[in-house]
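Below: the structure, in structure tokens.
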Amino acid sequence: MTTPTPLPIYDPAELEPRWRERWAVDGIYQVDNDDPREPYYFLTMLPYTSGDLHIGHWYAIAPSDAAARWHRMQGKQVLFPLGFDAFGLPAENAAIHNDTHPKQWTYQNVENMTSQLQTMGASFDWTREFATSDPEYYRWTQWWFLKLYEHGLAYRAAADCNFCPGCGTVLANEQVNRNADGIGVCERCESIVEAKQLEQWMFRTTAYADELLEFDGIDYPEPIKLMQRNWIGRSEGADISFPLGREAAGQDRITVFTTRPDTLFGCTFIVLAPEHPLVAELTTPERRAAVEAYVAQARRQNEIERQSSTGEKTGVFTGAYAQHPFSGDDIQIWIADYVLLSYGTGAVMGVPAHDERDFSFASERGIPIPVVIAPPDWDGDDLAEAYTGPGVMVNSGRFDGTDWETGKLTVADALAQRGLGGPTVSYRLRDWLISRQRYWGAPIPMIYCESCGIVPVPEGELPVLLPDDAEFLPTGASPLERHAGFVNVDCPQCGESARRETDTMDTFMCSNWYMYRYVDPHNHDAPIDPQLARQWLPIDTYTGGAEHAVMHLFYARFFAKAARDMGILEIDEPFARLFNQGTITKDGYKMSKSRGNVVNPDDWVGRFGADTVRLYLMFLGPWEAGGDWDDSGIQGQWRWLNRVWNLALRKVETSDGESDGTIRRATHTMIGKVSQDIERFRFNTMIAAMMEYTNELQSIRDRGPVDTTAWQEAITSLLLCLAPSAPHIAEELWHRLGHDRSIHEQRWPAYDESLAQAETVTVVVQVNGRLREKLELTPGTAQAAAEAAARATARVSDQLTGTTVRRVVWVPDKLLNFVAS
RNA sequence: GCCGAGGUGGCGGAAUGGUAGACGCGAUGGUCUCAAACACCAUUGGGCGCAAGCCCGUGCCGGUUCGAGUCCGGCCCUCGGUACCA
């Protein structure tokens, strides 16, 4: 053993700020649009300005930074920007609690979060940062709204909201609590929340329902694609109209949507959503009291609750009847809360024999259950449960004998011929309601004029500024409505006095297009320059939490398609590749102030430095699965970085000229593993591979002299592989080893597969599938030789004694299994 | 309820249908130290055995296979989303 010379101490508190300052001065992460390198746009979801940064932000950002840095080391010019999602409800809530202003609260948070984030040493191009509440930003959010309106993708319609009669305020779903009876009450004053209809702005997302089902040419996780497809919920079926024999609410029929027109002859009742427009007029006088009570009850529940009841389905009879479109039989009309007005036509036909829910609904109420699709081996008796499988139509008039699949089409066609419906496609997806009766959001740039009607604010007058002095406390009116200076405006068309729209936009509208603004953040003439858009879009990789699977990610896809069709962007999809990280927990629970399990990154950066915290977050578990923060677990990363430090700086005994295959094999095995893992976001096994490698280098060094060239390659490779994950220590060691240029401007080490080849392979020997022996064989050993070697071992021969080998399974270089009895 | 994901040692986790538990934390024992901390070394799924070794073991029940943590069917539980939290 050599006598270890005293080494400098690894001191992250000293070296980390020093390098961050140097990187900022050198501007190595700033993107230049004229750079000849291949552009790569790596984006992580913008954080909400929620106050202090907690470890969850680091969990989202640090691995993204590592991946972005890796792409940079592949020789690309990487755009890796960050900004803040700044409008929204939490700012108003916090402002009320802390007696401050949402704007002040928000920008204070932007400042805090920016400085906390900077300690991470992430490779952001900070020159592109903005908050969505900046007037220069929301000016363009408003501009996009005008474009969508111009192209018929924004329209006004009546829509429900949660209204608290006590506060006189519209509540977010989150602000509605449930009382002991399961009734929604205001979180502040506990008044019972009412459903109130308001005229609001909608975006026509359903116009893109079919295109949004397709994910061709983009790389999304399968679960996300599934969730979005299910969210759209396309089903083919038929509309079927049941004549009423009279007029009600301007209608002479009730139209239902069904995916099973083949079962039409088994329909013995119709169920309307409680809020269906026909209910009031159809209900007979003697049923009115019961129906009205039921409607009132249903209106107090939200959709999840209405669909959640596990047991008996509730419902009431309206006393009215419609006629079956073919038989003319009277069909009872019911209302039930499990039917939603927003899906299909807000009415369903009840076919108890062939639908489980209809079966229990009818059984409990003595409604007939005629069989119209014959189950296999059906004896003609009543069914004990609904039959939903395939079969042949029976009791269906002229359709008898038709196969059910064919029947779906022929019945629908026959209905179309009679003018009583026909084939149609229904979607679960609804248009997007973007109006918010709140203060802290981007004002919707519209004006209402007595004589001209709805008039858009002229583009040149944007932004419609949010007044700082508006009342945002819950006082009984929509906040901006009470601000005379905001509301009163001259009509841009006729000049007469008019009123501004006082609703603001859903914050998901702000996050619909922020990714485009980063490309050209200081443009005063357009949201984005078309040439730069062509250069940088779509986003190459997008990362963020899977909780955004269907809302943000879905809206952003809709928006990109709309922007394309409006001729503003040339992309079909915003994100070429998507990756979702999981949630970080503490003691198994999501972090929250009330639970008191919030981990503050600053504490840990203070103790171990940013690199250790970054590594620990990446090492915790697979990124997509999330992980549980353990206060003592981080020790392991700290120890490891100290080992790397010592390994890199300690002098080794060398023996020049003698090539060391062991070192090079270890080096290239590590490079191969790390390269593969970082590309697939498998940071935990990536770090494990580097740790194993470090352990191996240590033991090789401790065994005796090492080859100089191989050792140099080993240390260099380790630092380069570590650079994306632990950028500060890698940079410091890189310079201490005599390099001048930043390690972050180096190329990723090349992997040589031939050097990584092992000299021997372990072949597992099993007897009847149980492990009995392991053989070290040269790769490519033939089965006969392996078999002989295995039989020669005591363990295997003992196991085979007294048995007959029936079969031998041979997996070359892997496994030998004797199947014996 | 519906849609999606997950369940493996004391803990976080690893494992193209082929050695279950890599890597790390913790724990135990040791080295160093006046002592402690740090660091380093060793052991560490459970049971039986002096040992060689044998048996059991990846939420539960069943199936496919020479072989199942992995595939199939049925359950239980946890987490995310459910359209105004973002």
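Ranking A:GLU787, A:GLU199 by solvent-accessible area of protein heavy atoms (1.4 Å probe, all protein chains present), from largest to smallest, gives A:GLU199, A:GLU787. Quick one: net charge of A:HIS739's neighbours, Cβ under 15 Å, K/R +1, D/E -1? Combined, the nearby Lys, Arg, Asp and Glu give -2. Between the residues A:ALA533, A:PHE575, A:TRP640, the greatest Cα displacement towards the positive end of the dipole of chain A, with unit charges on the Cβ of Lys, Arg, Asp and Glu, is found for A:TRP640. For A:ILE335, the solvent-accessible surface computed with a 1.4 Å probe is close to 0 Å², ligands and nucleic acids excluded.
Ranked from highest to lowest mean number of other Cβ atoms within 10 Å per residue, what is the order of the peptides A:43-54, A:112-123, A:459-470?
Ranked from most to least packed, the peptides come out as A:43-54, A:112-123, A:459-470.
Considering only A:CYS449, A:CYS494, A:LEU420, the residue lying farthest towards the positive end of the dipole of segment A:414-522 is A:LEU420, judged by Cα position with unit charges set on Cβ. In straight-distance terms, cross-link reach from A:LYS147 covers every one of the lysines whose alpha-carbon lies under 17 Å from its own, apart from those fewer than eight places away in the same chain; here that gives A:LYS561. When the listed pairs A:LYS673/A:LYS814; A:LYS196/A:LYS593; A:LYS225/A:LYS593 are checked against a 22 Å cut-off, the alpha-carbon distance exceeds it for A:LYS196/A:LYS593; A:LYS225/A:LYS593. With the simple model of a label 7 Å out from the Cα in the direction of the Cβ, A:ARG680 to A:LYS593 spans 4.1 nm.
Placing pseudo-labels 7 Å out from each Cα toward the beta carbon at A:GLU199 and A:ASP469 gives an inter-label distance of 3.0 nm.
Multiplying the residue separation of A:GLU356 and A:ILE28 by 0.36 nm and removing their Cα-Cα distance gives an extension gain of 111.7 nm. What FRET efficiency would be calculated for the residue pair A:TRP126, A:LEU341, taking the C-beta separation as r and a Förster radius of 51 Å, to the nearest 0.05? The value I calculate is 0.60.
How would chain A be classified by its alpha-carbon gyration tensor: rounded, prolate or oblate, with rounded meaning a/c under 1.5 and the a/b versus b/c comparison settling the rest? Here chain A falls in the oblate category. Computed from point charges on the beta carbon alone (+1 for Lys and Arg, -1 for Asp and Glu), the dipole magnitude for segment A:644-800 about its Cα centre is near 520 Debye. Comparing segment A:535-622 with the 2.2 N^0.38 Å rule of thumb, its C-alpha radius of gyration ratio is 1.51 (two decimals).
Determine the dipole magnitude for chain A: charges of +1 sit on the beta-carbon of Lys and Arg, -1 on that of Asp and Glu, nothing else is charged, the reference point is the Cα centre, and the result goes in debye to the nearest 20. Could the numbers behind the result be given before it?
Working: 74 positive and 114 negative charges, 336 e Å.
With only Lys, Arg, Asp and Glu charged at Cβ, the dipole is about 1620 debye.
Amide H contacts under 5 Å for A:ASP431: A:THR206, restricted to partners 5 or more places along the chain or on a different chain, H placed in the peptide plane at 1.01 Å from N. Inverting the pair-averaged 1/r between distinct Cα atoms of segment A:1-155 gives 18.4 Å as its Kirkwood hydrodynamic radius. Just so you know, the averaged projected area of the alpha carbon convex hull for segment A:699-809 sits at 11.2 nm². With a cut-off of 11 Å on the backbone N, the residues of segment A:376-418 near the modelled label site 7 Å out from A:ASP329 along Cα-Cβ are A:395-397. Which of rounded, prolate or oblate describes segment A:695-749 when judged by the alpha-carbon gyration tensor and an a/c cut-off of 1.5? Prolate, because a/c is 1.5 or more and a/b exceeds b/c.
Across the alpha-carbon set of segment A:631-751, the Rg to Rh ratio works out to 0.95, Rh being the Kirkwood radius.
The stretch between A:GLN783 and A:GLU459 holds 108.9 nm of extra length on full extension. This uses 0.36 nm per residue minus the Cα-Cα distance.
Tally up the carbon and sulfur contribution to the accessible surface of chain A as a whole percent, 1.4 Å probe, everything protein left in place. Its accessible area is 48 percent carbon and sulfur atoms. Sorting A:ILE584, A:ILE369 on solvent-accessible area from highest to lowest, probe radius 1.4 Å, gives A:ILE369, A:ILE584. Counted over all Cα-Cα pairs of segment A:603-693, pairs farther apart than 22 Å make up 38 percent.
Using the Cβ-Cβ distance between A:ASP798 and A:ARG703 with R0 set to 30 Å, the FRET efficiency from 1/(1 + (r/R0)^6) comes to roughly 0.25. Per residue, the accessible area of chain A comes to 44 Å², computed with a 1.4 Å probe over protein heavy atoms only. Rounding to the nearest 10 and keeping the result within 0 to 90°, find how far the Cα-based axis of helix A:89-98 lies from the longest principal axis of chain A. Orientation of helix A:89-98: about 80 degrees from the principal axis. How would you classify segment A:494-646 from its alpha-carbon gyration tensor, with a ≥ b ≥ c the square roots of the eigenvalues: rounded for a/c under 1.5, else prolate if a/b is greater than b/c, otherwise oblate? Here segment A:494-646 falls in the prolate category.
Set Lys and Arg Cβ to +1 and Asp and Glu Cβ to -1, take the dipole of chain A about its Cα centre, and tell me which of A:ASN768, A:GLY626, A:TRP711 lies farthest positive. Highest projection toward the positive end goes to A:ASN768. Between A:ALA13 and A:HIS524, the FRET efficiency estimated from the beta carbon spacing at R0 = 41 angstrom works out to 0.45.
The values are calculated or read from the model by the stated rules, or taken from the named source; none is laboratory data. Since the structure is predicted, the reported quantities are computational estimates derived from the model, not experimental observations. Note: ideal-geometry Cβ built from the backbone for every residue, glycine included; neighbour counts use all protein chains shown. Just the protein is used for accessible areas: all its heavy atoms, side chains included, with ligands, DNA and RNA removed. Shrake-Rupley method; radii C 1.70, N 1.55, O 1.52, S 1.80 Å.
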